[in-house]
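Peer 1: Starting off with a structure, shown below.
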Amino acid sequence: MREQWNSRTGFVLAAVGSAIGIGNIWRFPYMAYDNGGGAFLIPYFFAMLTAGVPFLIMEFALGHRYKSAAPLTFHAIKARWEGLGWWQVLVCLVISFYYVVVLGWTVCYLFLSFHQSWGNDPSSYFFKDFLKLTAGPLHTGGMRWPIVAANVFCWLATWVVLWRGVRAGIERVSKIFMPVLFVLVLILLVRAVTLPGAADGLNWLFRPDFSHLWDYKVWTAAYGQIFFTLSIGFGIMIAYSSYLPDDADITNNGFITVFINCGFSLLAGTMVFGVLGFMAAQQGVPIKEVVSQGVGLAFATIPAALNMMPAAGIFGIVFFLALLFAGFSSFLSVVEACIAPLMEKLGWTRTRAVSVLCGVGLVGSLPFSTGGGLLVLDIVDHFINNYGIVFGGLAEIILIAWFGRLAEMREYVNQVSDFPLGSWWAVCLKVVTPLTLGVMAVSNLVGDLAQPYGGYPLTALIAFGWALMAAIGLGAWWLATKRWAY
Ligand code: PHE
């Protein structure tokens, strides 16, 4: 018997746990700021409704109907497309290799934040002392053992949760982590908006610059963010919904997941820009000079802001705990998306699949734990986002919307859901989403060919980017030729 979620809330919280990740905290605010501020919300909500909601409902429907992870689901629809499922699984596997490293840093920073042990210059502390960053991605600079130790801790925690399975593991963790995460972020939000100068930050974030709306790049950025933030196109949501009971609702659950996730992004954006406004005011510089995203925001800018705040210890702990909770629940989903198909293909027990995967994962995360690790991570992440996810999502939508008997699927969804899907659903999936993903795929490719990413040496881009993508493609093809155990 396939495992099942215990309750509807449990499933929704697990899906929300996957969707809400560090992307909501450190990617969304910057995307909005960089793409027209308040005006970005127009393409963002447009992308949410025309691609996010329909695609998520489609993935929920696939998992619910075929009761299997991506490879077997695609195999059931058209046997020759099984490789697409493995492509998504391998993409998830690679993501897990570096996502865990970021979780590891977060664990370390949680402890550092007790006494702001990053000192007076958090940026230099992070890059020089903590990461011991080398001059380029090809200079490893040796292992950073404290980071490896943090990785081991995170993989062990993951092993424990996933070994316990869907109900006693993922569902239980999500039911605790998600509500706590909301409370943590609300605490941070109240602190942030009451800091002097916060209003300026919010002005920058939300002040609409409508001229950006004419730039197609803003629209592709919005679609890209929606795919990333909802964890769609990676096979993750197919795996999660494969554990739904037969009588579960699909449409409503899809809407709820999307709204909670995107609402959370707005909260996080307000929090982050409140803090940035405060920092700019303290230093007497324009916000442009303090604004940052990603790793720099979490591990350099926020610690610097904490240094300027009263009761920094408490807010530091709350911030890094929030980052850890958000990240860990996404991490569980990305690993589960690899475990479920492994069990199906090879007939392995959960214990065996989880143990092998966590072991492989630990080894896979070693290159990202070296002195050059952050640079390797940056390259791999760029290629995974721009090609792994975009091309996987594009192939998936073409397969399902054009060759997968979409009308029949809509009927299926409507039978089990609280309220019926209109024909808009099919239009979005057949036309809007493939078109935007197609434009994204082409413009990513053209952009990278015209100008090598990030000014890295070509050998590094080939090794950690192009060759990696080729390896994923070959691996997916090879896995698809193997026999199923069931
Ligand atoms: N939705 C996640 C986020 O916003 C993205 C993600 C999910 C990344 C799962 C990795 C694994 O951070």
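Every number here is computed from the coordinates shown, using simple stated rules; none is lab data. In this text, all values refer to a predicted model and were calculated from it rather than measured experimentally. Neighbour counts are summed over all protein chains in view; Cβ atoms, including those assigned to glycine, are modelled from backbone coordinates with ideal geometry.
Peer 1: Would you mind pulling out the separation of the Cα centroids of the stretch 118-181 and the stretch 237-293, in Å?
Peer 2: 20
Peer 1: Rounded, prolate or oblate for the stretch 92-186? Axes are the square roots of the Cα gyration tensor eigenvalues, ordered a ≥ b ≥ c, and the cut-off for rounded is a/c under 1.5.
Peer 2: Oblate, since a/c reaches 1.5 and b/c is not below a/b.
Peer 1: Still on this structure, I have one more. Tell me which lysines have Cα within less than 17 Å of Lys132's Cα, excluding those fewer than 8 residues away on the same chain?
Peer 2: By straight Cα distance, Lys132 reaches no lysines at all.
Peer 1: How far, in degrees from 0 to 90, does helix 216-229 lean away from the longest principal axis of the Cα atoms of the chain, to the nearest 10?
Peer 2: 80
Peer 1: So who's got an amide H within less than 5 Å of the one on Thr370, skipping anything under 5 residues away but keeping other chains? H placed 1.01 Å off N, in plane.
Peer 2: For Thr370, the qualifying residues are Arg144.
Peer 1: Treating the angle as unsigned and between 0 and 90°, give the value, to the nearest 10°, between the Cα long axis of helix 467-481 and the longest Cα principal axis of the chain.
Peer 2: Computed tilt is about 20 degrees.
Peer 1: While we're on this one: Mind checking which lysines have their C-alpha under 29 Å from Lys175, skipping anything on the same chain fewer than 8 residues away?
Peer 2: Qualifying lysines at Cα under 29 Å: Lys67.
Peer 1: Dipole magnitude of the stretch 8-481 about its Cα centre, charges +1 at Lys/Arg Cβ and -1 at Asp/Glu Cβ only, in debye to the nearest 20?
Peer 2: So the magnitude is around 660 debye.
Peer 1: Net charge within 11 Å of Gly454 by Cβ-Cβ distance, Lys/Arg positive one each and Asp/Glu negative one each, not counting Gly454 itself?
Peer 2: -3
Peer 1: Could you give the length gained on full extension between Ala135 and Leu267, defined as 0.36 nm per residue of separation minus the Cα-Cα distance, in nm?
Peer 2: 43.9 nm
Peer 1: Over the chain, what is the relative contact order in percent, taking alpha-carbon pairs closer than 8 angstrom and at least six residues apart?
Peer 2: 34
Peer 1: Decide, for the stretch 261-382, between rounded, prolate and oblate: order the square roots of the alpha carbon gyration tensor eigenvalues as a ≥ b ≥ c, take rounded if a/c falls under 1.5, and otherwise choose prolate if a/b is larger than b/c, else oblate.
Peer 2: Because a/c hits 1.5 or more and a/b exceeds b/c, the stretch 261-382 counts as prolate.
Peer 1: Asn203 versus Ala149, label points 7 Å from Cα toward the beta carbon: distance in nm?
Peer 2: 4.7
Peer 1: Kindly flag which residue pairs out of Lys128/Lys217; Lys217/Lys288; Lys430/Lys482 have an alpha-carbon separation exceeding 24 Å in this structure.
Peer 2: Among Lys128/Lys217; Lys217/Lys288; Lys430/Lys482, the Cα-Cα distance tops 24 Å for Lys128/Lys217; Lys430/Lys482.
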